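Values in this text are rule-based calculations from the coordinates and carry no lab data. Just so it is clear, the structure is predicted and the values come from calculations on it, not from any experiment. Methodologically, a virtual Cβ is constructed for each residue, glycine included, from the backbone with ideal geometry; neighbour enumeration extends over all protein chains shown.
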Amino acid sequence: MFSTSTQRKYWTFSGETELAATRSEANDKFIQTHGSHMMDEQKLKHFLTPEEERLICRQTEHVLKEFCNIFQPPMPKCVLGTALCYFKRFYASTSVMDFYPKDIMLTCVYLACKVEEFNVSIGQFVGNLKGDREKFSNIILTFELLLMGKLHYHLTVHNPYRPLEGLLIDIKSRCTLIEDAEKLRAYAEAFVDKSVANTDACLIFSPSQIALAAVLTSASQIGKNMDSYVTETLLHGATSDEMEKTVYQIKRIKYMVKSQKPLEKELVGRVQKKLVKCRNQDNNPDSDQYKRKLREMLDEDEEQQTIKRTRISEEEKRRDKELLGVP
C-alpha cells in the first residue's frame, strides 16, 4: 500500500520548493567539489545552473518516454511510470554533471523492466537501440548497481495507472452521473501520461490523487461535473478539512500538468553542449580517466585475489604439516 510504502516515507516531497532546494543543493555540491580552483565568474560560465540541469532532465525524460513507446515487444505503462520515477528520484539528489542523463535513463528503463516483471534480456533490450549495442550493454550493467544504491534499494513504485483503473471500475458501479465510464479513459490516461512524463507530480502527490485529478479533468472534457461523486461517494465520511485538502491537492496537480511549457530546442542544444564540457569525466565510460580508474580497480581486485590465494595456499600447507606431524 502507498500509505505504508518507502515511496511515501522517503520519496514524497512537500512541494516544488523543497524539491528545487534539494536539486540546487546537489548542483552546488558538484560545483564546490569540481570548481574549487575557479573564480565565481568562471564557475558560472563553465558549470550548469540548477535551471539548466532541470532542462536537460526534462529533455531526457521526453526521450525516455519516446523510447518506451516504440519499444518492442510493447512495454506496459507501469514500466514507463517506474522508469521515469527512478530517473526523477536519481536526479533529485544527484547533479546531471556527475552522471550523464542518457546513461542513467537507459539503466532506469532496464531496471524498471526487471522490477515490473517485463521480462526482456539485455540483448533484447539493446536491440531496440541504434548504434554500438555492446557499448550500451556495458553502460547499463555498469550503472545498474549504482542506480539501485542511489535509490537506496527502494525499487517498488506505486504508479497512478493502477488507481486510475480502480476509479474507472468504481465509476461504472457507483456513479450514476456517467453513463459510459470508458469515455473517460482516453483523456484520463493522457493526463496521467503527462503528469508522469512532463511533471514532478510522482515526487509530490500520491498515485490516487493523480488518478483522481485525471478522471475529473477527463469528465470536464465531456461536459460532466463529478463533484457530488467525489464528496458523497469517494470521500463519504471524511471531515471537511480532509475534503478541503483533497480538493486543494487536485487543483495543484491540474495546474502542474496544465502549466508545463514546451521545451525550446535551441536552448536545450546549447545547454547540452555546455554539459559535454563540464560533466564528470571520472563517470564517463568513454573518457581516459574512467578507463584508467577501471583498470586500477581491476588491477586492485586481481592483486587482492592473488594475496587471498597465497594466504589460502599457505594455510593449507600448514594444516598438511600438522596432519603429518612435520615441524
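Can I get the semi-axes of the chain's equivalent ellipsoid? Compute them from the C-alpha gyration tensor as square roots of 5 times the eigenvalues, in angstrom, largest first.
Numbers: eigenvalues 408, 143, 77 Å².
They are 45, 27, 20 Å, listed from largest to smallest.
What per residue convex hull volume, in Å³, comes out for segment 1-67 when only alpha-carbon positions are used?
For segment 1-67, the hull spanned by Cα atoms encloses 127 Å³ per residue.
Given the options TYR100, TYR153, TYR86, state which has the largest fluctuation in a GNM of the chain using a 10 Å cut-off (strictly under) for Cα springs.
TYR153
Once fully extended, how much extra length lies between ALA238 and TYR153, figured as 0.36 nm per residue of separation less the alpha-carbon to alpha-carbon distance?
27.1 nm
Does anyone have the angle between helix 207-221 and the longest principal axis of the chain? Alpha-carbon axes, 0 to 90°, nearest 10?
Around 40 degrees separate the two axes.
Any chance you could run the full-extension gain for LYS251 through LYS172? It's 0.36 nm times the residue separation minus the Cα-Cα distance, nm to one decimal. Before the final figure, lay out the partial values.
Numbers: separation 79, 0.36 × 79 = 28.44 nm, distance 2.41 nm.
Taking 0.36 nm per residue and subtracting the Cα distance, the gain is 26.0 nm.
For LYS43, list the lysines whose Cα falls under 23 Å from its own Cα; do not include residues on the same chain fewer than 8 positions away.
Counting by Cα, and skipping residues close in sequence, LYS43 has these lysines nearby: LYS29, LYS273, LYS274, LYS277.
With a point put 7 Å past each Cα toward its Cβ, work out how far SER3 is from GLU266 in nm, to one decimal.
Output for this residue pair reads 5.3 nm.
In Å³ and rounded to a whole number, note down the convex hull volume per residue for the Cα atoms of segment 125-225.
Measuring per residue, one finds 137 Å³ for the Cα hull of segment 125-225.
Using the alpha-carbon atoms, what tilt in degrees (0 to 90, nearest 10) does helix 16-34 show relative to the longest principal axis of the chain?
Result, in degrees: 20.
Using a Gaussian network model of the chain whose springs link C-alpha atoms within less than 10 Å, name the residue from HIS62, HIS158, HIS236 with the highest mean-square fluctuation.
Fluctuation is largest for HIS236.
Could you state the angle between the C-alpha long axis of helix 161-174 and the longest principal axis of the C-alpha atoms of the chain, as a value from 0 to 90 degrees rounded to the nearest 10?
20
With a Förster radius of 35 Å, plug the Cβ-Cβ distance of VAL115 and GLU51 into 1/(1 + (r/R0)^6) and report the FRET value to the nearest 0.05. Provide the component values of the computation, followed by the final result.
Working: r = 31 Å, r/R0 = 0.89.
With R0 = 35 Å, the Cβ-Cβ based efficiency is 0.65.
Charges at C-beta only: +1 for Lys and Arg, -1 for Asp and Glu. How large is the resulting dipole of the chain about its Cα centre, in Debye rounded to 20?
Value, rounded to 20: 440 debye.
Could you give the Stokes-Einstein D for segment 89-163 in µm² per second, using the C-alpha Kirkwood radius, 25 °C, 0.890 mPa s?
D = 185 µm²/s.
Can you work out the FRET efficiency for the pair ASP282 and LEU19, with r the C-beta to C-beta distance and R0 = 35 Å, to the nearest 0.05?
0.85
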